[in-house]
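Worksheet for the structure shown next.
The values are calculated or read from the model by the stated rules, or taken from the named source; none is laboratory data. Since the model is a prediction, treat every value here as computed from it, not as a measurement. Glycine gets a Cβ as well: all are built from the backbone with ideal geometry, and neighbour counts include every protein chain shown. Keep in mind that these areas ignore ligands, DNA and RNA; they rest on the heavy atoms of the full protein, side chains included. Shrake-Rupley method; radii C 1.70, N 1.55, O 1.52, S 1.80 Å.
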Amino acid sequence: MPIIDECQVRRATDVNLRLNETQSTAFRRSRLSLTLEETLNEIQRIADLPLEESITLPREAYASEEFFAWECENLFRPGWTAVAHVSQIPLAGDFINLDFLGEPLIVVCDKSGGVRVLSRACPHRGMDIMPPGFGHDGHGPAEFREGGEDRGHTRLFLCPYHSWTFELDGGLKACPEMGQARDFCRADWGLKEFRTEIWNGFIFVNLDGTAEQSVADQYAQLTDNAARWDIANMHVVFESHWDIACNWKILAENFMESYHHAGTHIKTLQPIMPARGTWTEAEKADYIRCHLPYGDKAREQIAAAEASDGQWDAFPPIEGLGEDGRYEWGLVMGYPLFTLVTAPDQVVWYRIEPVATDRLRLMTTVMVPESTTRHPNFAAMLDRGTQEAVCFHLEDMEVLNAVQRSMLSDGYQRGRLSHLEMPVWLIQRYLAAKIRGTKPTLDRPAASGQMP
Ligand code: FES
Ligand SMILES: [Fe+2]
């Protein structure tokens, strides 16, 4: 495994973030020629091209503020987004904070063991009750946890502005000096709660409350897959947080296509899962799924390790996955942002938080079965597993920042796609379907899959 310097990558990311900040709005506008309507029309046009004729999206899809606002209103706010896994907040009072699409949120395990997603905006004068970065020491009863100030454990939530307190379910518990406020009823003034659903252990939120389907219905065809890995009972054992200077689609495209094993991951993933052997399932209404079979060399190494009672994978292989699960990685993108890698020994979940046209926050994770966490060598396994996960991600970080930079350059040209980039084309078809007010496959024939 080549050693990549994480500090260097983080410094490089900061450089890219600053470079983007120096581009004024006027400069950005001068580089974008399509109006929002023209952008939506162009996406629909290219999405109807066959894969063999496919071409990349117009730059406005990655750089226009109007198009990003359209995505927020039409993809993210009405959709379901996974914000946490239940293993991250197992006890009553455990909570995680995040800011998703400008919404300051708390994901909390309440007194009855249920999960709620609450707003951090105080219903008194609007204070963020746990503003990130200010280092409030626990906000009264809350204790922040190792691993960052975005999570902790508490009995109550306290707004530090005028000391209103809230129960774990968001209800207003106490508010000093409000006795003279006429017709003031505490029951009316809790923290706002967002629509939430747990699917296979993942806590999903629907920000605007308009999602027509439940998560379970939307991802019904992924349930078998989730059950094979028993994702509901897995544990998040590693997290890493990143600010990245790129549009969310640059990350999603890169996550889903494995053509770039032949470049970005030439020394790491390509020898195990050669790009040429990767393939994409037939188009679905709600997700994309790709298969990354192990090449002969990896299979030989696994056989040799197993013959000598050794372990080739970072963690013990998960039982019952069958031949295809044992000898390949699977990639899943549940629309719009639910991205998973299913590997023979672990699952990797990326929580993507689009921030702006050219900015996102990302949490990368490693998830394993509970039995793995109880293995006597778990600490050493985790060390190796996280090193590998970070290494692959660092390789991708260079790409993510560098692709976004080109979007506003004079030299930028829209490119043609390889058949190995079918997921990039399927994302276009998803966007086009949403522009038409539908989903892929519902008003067009489903694109055929690529058989191995
Ligand atoms: S703003 Fe929260 S108590 Fe006043
Ligand atoms: Fe990659």
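Candidates in region 235-268 are the residues that are within 11 Å of ligand 2 (Cβ to nearest atom), in contact with a helix residue (DSSP H, G or I) (Cβ under 8 Å, 6 or more places away or on another chain) and in a loop (DSSP other than H, G, I, E, B); of these, the one that is most open to solvent (accessible area, probe 1.4 Å) is 264.
For region 211-268, taking the residues that are without any contact (Cβ under 8 Å) to a residue 24 or more places away in the chain and among the small types (Gly, Ala, Ser), the one that is farthest from ligand 1 (Cβ to nearest atom) is identified as 262. Counting the residues of region 313-337 that are part of a loop (DSSP other than H, G, I, E, B) and exposed (fewer than 15 other Cβ atoms within 10 Å of the Cβ) gives 2.
Out of everything in region 14-58 that is hydrophobic (A, V, I, L, M, F, W, C) and closer than 16 Å to residue 245 by Cβ, what residue ends up being least open to solvent (accessible area, probe 1.4 Å)?
Here is the first cut: in region 14-58, the residues hydrophobic (A, V, I, L, M, F, W, C) are 15, 17, 19, 26-27, 32, 34, 36, 40, 43, 46-47, 49, 51, 55, 57.
Of the ones still in play, those that are also closer than 16 Å to residue 245 by Cβ are 15, 17, 19, 27.
Details: 15: 68, 17: 20, 19: 67, 27: 69 Å².
Out of the qualifying residues, it is 17.
Within region 354-368, identify whether any single residue is under 14 Å from the mean Cα position of the chain (by Cα), of a type outside the set (Lys, Arg) and open to solvent by 30 Å² or more (accessible area, probe 1.4 Å), and answer yes or no. Yes, some residue in region 354-368 is under 14 Å from the mean Cα position of the chain (by Cα), of a type outside the set (Lys, Arg) and open to solvent by 30 Å² or more (accessible area, probe 1.4 Å). Selection of region 53-83 for residues being assigned to a helix (DSSP H, G or I) and closer than 30 Å to residue 348 by Cβ yields 61, 62, 63, 67, 68, 70, 71, 72, 73, 74, 75, 76.
May I ask you to verify whether residue 353 is assigned by TED's automatic domain parsing to the domain that holds residue 401 and either more than 28 Å from residue 277 (Cα to Cα) or touching a Leu at 6+ places or on another chain (Cβ under 8 Å) (or both)? It would help to see each step written out before you state the result.
Numbers: assigned by TED's automatic domain parsing to the domain that holds residue 401: yes; either more than 28 Å from residue 277 (Cα to Cα) or touching a Leu at 6+ places or on another chain (Cβ under 8 Å) (or both): yes.
When the stated conditions are applied, residue 353 passes them.
For region 352-396, the tally of residues that are in contact with a Cys (Cβ under 9 Å, 6 or more places away or on another chain) and among the aliphatic types (A, V, I, L, M) stands at 1.
Of the residues making up region 43-52, none is free of Cβ contacts under 8 Å to residues at least 40 places away in the same chain and assigned to a strand (DSSP E or B).
Residues that are open to solvent by less than 10 Å² (accessible area, probe 1.4 Å) and within 30 Å of residue 70 (Cβ to Cβ) were ranked within region 269-296; the one that is nearest to ligand 1 (Cβ to nearest atom) is 288. Within region 113-144, the set of residues being surrounded by fewer than 15 Cβ atoms within 10 Å (Cβ to Cβ) and modelled with pLDDT under 65 comprises 135, 137, 138, 141. When residues of region 211-222 are filtered for being open to solvent by 50 Å² or more (accessible area, probe 1.4 Å) and closer than 19 Å to residue 331 by Cα, how many remain? Selection size over region 211-222: 2. Would you call residue 226 modelled with pLDDT under 95 and more than 13 Å from ligand 2 (Cβ to nearest atom)? Yes.
I'd like the full set of residues that are surrounded by 13 or more Cβ atoms within 10 Å (Cβ to Cβ) and part of a helix (DSSP H, G or I), limited to region 4-13.
The initial filter retains those residues of region 4-13 that are surrounded by 13 or more Cβ atoms within 10 Å (Cβ to Cβ), namely 4, 6, 9-10, 12-13.
Result: 6, 9, 10, 12, 13.
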